Amino acid sequence: MFSREIFCQRLRQLRLSRNLTAEQLGAAFAVRKQTVSRWELGDRLPTLDIAVALAEYFNVSLDYLVGTSDNPKRK
């Protein structure tokens, strides 16, 4: 089952692992840094299209990003 909390934590962890600011990640997805911050805080969630794009951007599976798997590898 989808876990908002895990999604938020993993998104932040992935962003920081690439040494990206919220502003830099936002620019990659044509959203403001405040939007990225809201995703990481759980105040808002990205659309499905953006969630898939985020998983591709970080080269992890969507299942990993949303917390339904602990395996980050994409198939």
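Which of the residues belonging to segment 16-48 are among the charged types (D, E, K, R) and under 19 Å from residue 69 (Cα atoms)? Selection gives 40 alone.
When the criteria are applied in full, residue 40 fails the requirement of being surrounded by fewer than 13 Cβ atoms within 10 Å (Cβ to Cβ), of a type outside the set (Lys, Arg) and assigned to a helix (DSSP H, G or I). For residue 64, the conditions (1) surrounded by 13 or more Cβ atoms within 10 Å (Cβ to Cβ); (2) free of Cβ contacts under 8 Å to residues at least 24 places away in the same chain; (3) not in a loop (DSSP other than H, G, I, E, B) all hold with the exception of (2).
Could you list, in sequence order, all residues of segment 54-75 that are among the hydrophobic types (A, V, I, L, M, F, W, C) and under 11 Å from residue 11 (Cβ atoms)? Listed by number, the residues that qualify are 54, 55, 58, 60, 65, 66. Residues that are touching a Pro at 6+ places or on another chain (Cβ under 9 Å), on the phi > 0 side of the Ramachandran plot and part of a loop (DSSP other than H, G, I, E, B): does segment 23-37 have at least one? Among the residues of segment 23-37, not one is touching a Pro at 6+ places or on another chain (Cβ under 9 Å), on the phi > 0 side of the Ramachandran plot and part of a loop (DSSP other than H, G, I, E, B), which makes the answer no.
Residue check: residue 39 meets all listed conditions (1) at pLDDT 95 or above; (2) closer than 22 Å to residue 73 by Cβ but one, namely (2).
When you look at residue 5, is it touching a residue at least 24 places away in the same chain (Cβ under 8 Å), surrounded by 17 or more Cβ atoms within 10 Å (Cβ to Cβ) and part of a helix (DSSP H, G or I), yes or no?
No.
For segment 43-57, enumerate the residues that are farther than 22 Å from residue 74 by Cα and either in contact with a Lys or Arg (Cβ under 6 Å, 6 or more places away or on another chain) or surrounded by 13 or more Cβ atoms within 10 Å (Cβ to Cβ) (or both). Within segment 43-57, just 44 meets the criteria.
The values are calculated or read from the model by the stated rules, or taken from the named source; none is laboratory data. These numbers were taken from a predicted model, which means no experiment stands behind them. Cβ atoms come from the backbone with ideal geometry, glycine included; neighbour counts cover every protein chain shown.
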